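Report on the structure given below.
Derivation of every value follows stated rules applied to the coordinates shown; laboratory data play no part. Note that the coordinates shown come from a computational prediction; the quantities given were computed from them, not determined experimentally. Cβ sites come from the backbone with ideal geometry, for glycine too, and all protein chains shown count toward neighbours.
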Amino acid sequence: MSASEAPGSETGRTPGAHGPASPATPAAATPAPIAEGPTEASSWASAAWPAWRARLVQVADPRSWSLALRVVLVTTLLSTIALLTVGAYLSTVIADGLYEQRRDRVLEETIEVRDDLGESLAQLSGATSTQQQDAVSAFVQSTGGQGGGDRREVALVPVETTGTVFPVASSDRTLFDEVDAEFAAAVAEQPDAVSWRSIGRADETGRTAPALLVGTRVVVPGSGSYDLYLIYSLQEEQETLAFVQRVILGGGLVLLSLIVGIAIVIARMVTTPLKRAAHAAERMAAGDLASRVEVAGADELARVGESFNDMARSLQQKVDDLTELSRVQQRFVSDVSHELRTPLTTIRMASSVLDSRREELPGELQRTTELLAAQVQRFEVLLADLLEISRFDAGAAELEALREDMSALVARAVEDVRPLAGARGCLLDVRLGEGASTAVVDARRVDRILRNLLTNAIEHGAGGPVLVQTAGDEDAVAVVVQDFGHGISPEDARRVFDRFWRADPSRARTLGGTGLGLSISVSDAHLHGGWLQAWGQEGEGAVFRLTLPRRPGTELVRSPLRLERPFDRTLADASVSPTPTGEIRIGPDLLPDLDPPPGEDGESEDPTEADLPTGPGTATEGRTR
Amino acid sequence: MQGVLTAPEPTAGHPSGAACGVHAPPDGTMTSMTTPSRILVVDDDQAIAEMVGIVLRGKGFEVATSPDGASALEAFPRLRPDLVLLDLMLPGMDGIEVCRRIRRESGVPILMLTARTDTADVVEGLEAGADDYLTKPFEPEELVARIKARVRRAEPATTEQLSIGDLTIDVDGHEVRRAGELISLTPLEFDLLTQLARKPWQVFTRDVLLRDVWGYRHSADTRLVNVHVQRLRSKIEQDPENPAIVVTVRGVGYRAGSGS
């Protein structure tokens with residue numbers, strides 16, 4: 001668990017008043033900085049709209065659709081195009097065939113009619129005009145309305161008469177609406193041929209029906225020329241064509257639905273094993289290393305499944321191996337720590353017995369026993385820390401969370417380090433916020449964190465005051481421990497939680513810390529689902545902030561206290577809030593000789609000076625209590 | 001810390017240092033007893049057993065040691081110790097089993113020593129009947145304090161009779177009876193019950209019980225209380241699942257119940 005993983009060293013920049021220090025050097029690549037104040041809410045609100053739109057864009061993007069859906073869609077689309085093309089082609093060919101067939105018959109019939117007419121008229125050359133007229137009328141009437149079962153209309157128009165003039169005769173007067181000058185001219189131009197063109201005629205119901213207008217010239221020797229016009233209805237062919245088209249359309253639809261069905265089946269055949277593999281992979285990603293795909297057959301998809309299973313097996317093997325290795329290693333650390341405890345107990349008791357009777361020993365041996373006792377104790381603390389670390393590494397650390405009064409925990413921890421602070425001449429300025437009352441926490445761990453932070457602040461505070469502040473909101477409680485000592489750079493703030501890390505390797509550890517304290521503390525905080533973060537300015541001081549959720553496991557969004565804050569000594573010393581614990585507060589004005597004036601403390605960093613339990617320090621102790 | 005401890009002021013009056021030289025019982029509480037308390041130390045590590053012996057003899061205890069569980073059980077009836085100091089990890093029969101067997105025949109205070117503080121070990125030991133535990137490494141002073149807290153204190157004779165629920169407690173005779181029938185409790189369980197019975201109106205937090213019954217001055221492992229309350233309930237409650245004599249006050253601690 002490295003410091004970079006810890007949500008330490010936020011990247012935001014305080015808009016605070018202390019301008020000159022450190023250019024904004026955000027510690028990069030840390031998770032989203034915790035915005036403080038109202039900016040947070042507004043940024044969330046504005047972020048919601050693009051998120052919604054992005055989602056829409058994503059849905060609209062065909063690449064985000066499922067493979068099966070895309071296969072079916074593409075198949076449907078392409079099949080529809082193919083079927084439409086084939087249908088259109090068939091329809092056209094059939095329509096052309098029907099039309100040509102009909103036209104040929106029509107032309108044949110026209111020639112027959114012309115020949116009949118020619119003969120009829122020729123026989124009438126000697127008849128009276130009335131007889132002729134009757135005969136023509138009769139012919140027209142008999143010819144119209146028959147012909148191949150279709151309706152046909154006939155009209156006879158005399159063009160140039162030499163003898164008897166036949167009047168215009170027709171079976172349907174509307175026929176003449178279709179015959180325009182152009183067609184008449186075409187007929188006149190090629191008297192022997194049969195001219196034709198297709199037209200649309202409105203039938204009784206008003207619908208336009210296709211028809212064929214045919215015209216030719218009949219030359220009757222001795223009585224002149226006549227234009228014969230015939231209109232053949234193509235209604236029947238049209239109906240046939242419509243029927244064929246309906247059949248084609250129906251067949252096409254059936255075929256299309258079959259194709260879609262087939263596409264769905266095939267898409268499923270392909271995607272189901274893929275989906276299964278994907279689910280298995282997801283389960284694996286979620287931590288279920290035993291997840292496997294069912295494999296049937298020996299096709300390519302089965303091979304996908306097999307390869308996946310092989311991969312999963314080897315991955316599981318590797319993970320198991322590594323887990324085992326790590327377990328063995330952790331077990332070893334734990335065993336070593338435990339095994340060392342029994343001899344250490346003996347050594348410690350021996351040293352303690354010696355220490356208790358050191359008055360009987362000569363001077364040098366007295367000091368020896370002192371050193372022995374101190375180092376045995378240090379060794380013991382180191383061992384305990386190692387054991388705790390190994391417990392965290394093994395994931396064996398358990399949270400024993402109960403409802404606790406945070407203010408009381410802080411007050412107790414402060415009381416515990418007060419002798420040490422007194423020995424260092426360090427003023428503890430405790431400001432218990434009203435909001436920070438109860439939280440469900442593991443008191444032992446929280447106490448350990450607080451003690452570590454306080455000891456740390458006192459050690460590195462260079463005799464300056466240590467500010468302890470608590471606050472709470474609905475979801476979280478926070479404790480800030482701020483010192484005004486040597487300080488750490490914001491870059492170092494990320495590394496202070498590393499095991500055995502030292503801000504300045506040349507600086508001696510005066511309090512005999514193990515170098516594991518902050519690392520354990522950050523693990524303790526994480527166990528609660530909380531944060532332990534550090535921030536600082538070189539030469540000005542360091543801030544540590546512990547934020548814990550009111551209930552373990554709830555997601556922390558923000559901390560009730562600011563981490564990046566000004567190192568303004570006068571500010572820290574002056575504003576003394578009333579304390580609910582009934583402590584008597586000692587300000588710098590009450591103890592003028594305790595703290596050097598704010599301007600000097602930056603320079604007075606002689607650790608040896610701070611080491612000595614100075615008079616004023618003891619005085620602080622006496623007065624504070 | 002060390003800086004404070006070794007403050008150079010030459011204080012001759014180290015509390016125990018002066019008395020350690022002479023082999024008389026140095027401590028005030030011990031002098032009232034006619035015979036020194038006997039401690040049976042069961043530990044396979046000879047060095048620690050010997051060292052504990054040196055420390056305890058220095059404090060006026062009589063010490064016998066056993067290297068393993070079997071010899072400890074064999075020596076137990078003969079020695080009739082006032083307290084057993086039991087290492088949890090022993091060759092052969094482990095400490096928990098030894099604890100269980102001693103508990104079967106005696107209510108003698110058992111203080112277990114353990115190198116492992118993992119939840120399971122400690123709780124298992126306490127459930128097997130140990131009264132208290134010490135984690136290695138420990139200070140000699142701590143060891144002595146824990147032992148003294150458990151060895152029967154010479155209390156002034158009283159004819160105090162207490163009642164809690166449907167039980168009557170004869171404080172002087174160390175007897176608890178329900179309707180005339182004797183209930184056998186270990187001294188620790190007796191102390192715990194008496195403590196609750198003396199102030200039936202008061203809710204005792206676990207920390208207060210640790211201080212008053214176990215003699216801890218600083219906060220200690222509250223599991224001690226939990227486990228022993230369970231053990232006590234299993235002996236005195238009609239229905240241990242629904243305790244009526246030792247009642248849990250959620251989030252606070254325990255108090256004496258009405259017994260109905």
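A compact table of results
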item	result
Cβ-Cβ FRET estimate between A:Glu400 and A:Asp473, R0 fixed at 35 Å, reported to 0.05	0.90
Between the range B:175-191 and the range A:204-277, the Cα center-to-center distance that results, in Å	108
Around A:Ser64: net Lys/Arg minus Asp/Glu count, Cβ-Cβ under 13 Å	+2
Loop sites in the range A:430-492: GluC sites (Glu not before Pro), DSSP, at most 11 other Cβ within 10 Å	A:Glu434, A:Glu474
Furthest towards positive pole of dipole, A:Val353, A:Val319, A:Ala302, structure part the range A:257-378, Cβ charges	A:Ala302
Number of partner chain Cβ atoms within 10 Å, mean per residue of B:41-47	2
Cβ charges +1 (Lys, Arg) and -1 (Asp, Glu), total dipole of the range B:34-150, debye	540
Measure of compaction for the range A:394-474 (Cα Rg per 2.2 N^0.38 Å)	1.17
Among A:281-294, B:201-214, the order from most to least packed when residues are scored by Cβ within 10 Å on average	B:201-214, A:281-294
Proxy reagent accessibility, fewest Cβ within 10 Å first, across B:Tyr133, A:Tyr232	B:Tyr133, A:Tyr232
For B:126-138, mean number of other protein chain Cβ atoms within 10 Å	3
Peptides A:174-186, A:403-415 ordered by average Cβ neighbours within 10 Å, highest first	A:403-415, A:174-186
Sorted by Cβ neighbour density within 10 Å, fewest at the top, the residues A:Glu236, B:Glu181	B:Glu181, A:Glu236
Fewest-first ranking of A:Asp483, B:Asp166, using other Cβ atoms within 10 Å as the exposure measure	B:Asp166, A:Asp483
Note, ³J(HN,Hα) from phi for the range A:289-299, Karplus 6.51, -1.76, 1.60, rounded to Hz, x at Gly and Pro	6, 7, 5, 9, 9, 6, 10, 10, x, 9, 7
Cα centroid of the range B:74-134 to Cα centroid of the range A:355-411, whole Å	25
Above-threshold pairs, the threshold being 29 Å between Cα atoms, out of B:Lys199/B:Lys235; B:Lys59/B:Lys199; B:Lys59/B:Lys136; A:Lys318/B:Lys136	B:Lys59/B:Lys199; A:Lys318/B:Lys136
Average partner coverage of A:355-363, which counts Cβ from other chains inside 10 Å	4
